[in-house]
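The values are calculated or read from the model by the stated rules, or taken from the named source; none is laboratory data. Bear in mind that the values here come from a model prediction, so they are computed numbers and not experimental data. Note that each Cβ is placed from the backbone with ideal geometry, even for glycine, and that neighbours are counted across all protein chains shown.
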Amino acid sequence: MSGSDVTKDGMRGVRPGRDATVGANVGPGGAAPPPGRPREAGAGKGKGAEQVMVPPAQFRSYYGMPVINKPVWQSPDIPGYLFTGGLAGAGAVVAAAAQVTGRRSLARSLKVTDAAAIGVSLYFLVHDLGRRTRFFNMLRTFKVTSPMSVGSWLLAAYSPAAAAAALSEVTGILAPVGTVATFGAAALGPAVASYTAALIADTAVPAWHDGYREMPFVFVASAASAAAGVGMAAAPAAETGPLRRLGIVAGVLELALDKAMEMRMGMVGGAFREPKARRFTQMAEMATGAGVAVAALLGRRSRLARVVAGACLVAGSALTRFGIFEAGMASAEDPRYTIVPQRQRLAASNPRRVG
């Protein structure tokens, strides 16, 4: 007989092994697991022995393509805009404090620096936008929930005040107006120094968005160290005592907060260790660390040491912004930084979910 027949007495001519043994060597969906796939320990020795240990699926996006759109922002425009805006905002506060305490050379140096820095910041922003009319278009409305809208109005208000303060200081014309402009710029300075952190954190870019807790503090500390660096390099020794201490404290905070942010983000913090971002972050740490060390050890006695320390702090602040920018770009290009944290949060909220 070439095949099996069904008779009134049952099946005849059945090939050996035709019937599957219930509960033995069974994989998901009733199929036998492929060779080499592990089974649960104790399989075949009691209740539940039919369960098979399935290894966790490895993440893979569709054709390896990014999940989110990469920002169209370009370097050096945007990291330069982040750095110069922060320097201008923090410098305005230091300039006002220097004027109140009678440190005229320090106040003058920082007022001129602030006006130049905010001008360069606006240039970088407009250059990245492509047309200057796009900046003015952002001023057509004011939306308090939009960091870009709030930032545009901050720049529109801060820039004339910083320019008027610097012009009055240099020319001596309209000193009362210059004083009002100095304190007006100082009032807006903290917001100017920190709003860019909210601007980049309010995106879907993982390395920026996940750092929303520490990012404003990193930016403010970085801006303060840059402003202190400019003051140490430009002003005479008699006026830089408090500024040297500010540079040391701000530099240490910048390093500590940046590292804390990277560690708290978990696997997303790995974007800061991608090749391009790592180069900038390592150079930022070396420059800021050198500035802090030189200012602490030699800055009190040596004019050259103060200039070197100030230059290192300014360079470290700028490199920090470039490192953060490149880390964000790397995290947008690699889909792992978007999907894996989402799966981890989903698993944490629903441990019984599989997949």
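Below is a table of values for the structure above.
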{"quantity": "Residue check, ARG343 touching a residue at least 40 places away in the same chain (Cβ under 8 Å) and farther than 26 Å from TRP73 by Cα", "calculated": "yes"}
{"quantity": "Any hit, the stretch 131-149, residues being in contact with a Lys or Arg (Cβ under 6 Å, 6 or more places away or on another chain), in a helix (DSSP H, G or I), of a type outside the set (Val, Ile, Thr) and under 19 Å from VAL192 (Cα atoms)", "calculated": "yes"}
{"quantity": "So ALA227, is it farther than 29 Å from ARG336 by Cβ, buried (at least 24 other Cβ atoms within 10 Å of the Cβ) and among the small types (Gly, Ala, Ser)", "calculated": "yes"}
{"quantity": "Pairs where the first residue, in the stretch 272-287, is polar (S, T, N, Q) and the second is in a helix (DSSP H, G or I), C-beta under 6 Å, 6+ apart", "calculated": "THR281/PHE272; THR281/GLY323"}
{"quantity": "Residue within the stretch 311-319 that is of a type outside the set (A, V, I, L, M, F, W, C) and either under 15 Å from the mean Cα position of the chain (by Cα) or modelled with pLDDT under 95 (or both) present", "calculated": "yes"}
{"quantity": "Subset tally (residues that are among the acidic types (Asp, Glu) and in contact with a Pro (Cβ under 6 Å, 6 or more places away or on another chain)) for the stretch 298-348", "calculated": "1"}
{"quantity": "Given (1) out of contact with any Lys or Arg (no Cβ under 9 Å at 6 or more places or on another chain); (2) surrounded by 15 or more Cβ atoms within 10 Å (Cβ to Cβ), index of the condition GLN74 fails", "calculated": "(2)"}
{"quantity": "Which listed residue is basic (Lys, Arg) and at pLDDT 95 or above, from ARG244, ARG279, ARG273, ARG213", "calculated": "ARG279"}
{"quantity": "Qualifying residue in the stretch 96-114 (condition: at pLDDT 90 or above, among the acidic types (Asp, Glu) and either crowded, with 23+ Cβ neighbours inside 10 Å or in contact with a strand residue (DSSP E or B) (Cβ under 8 Å, 6 or more places away or on another chain) (or both))", "calculated": "yes"}
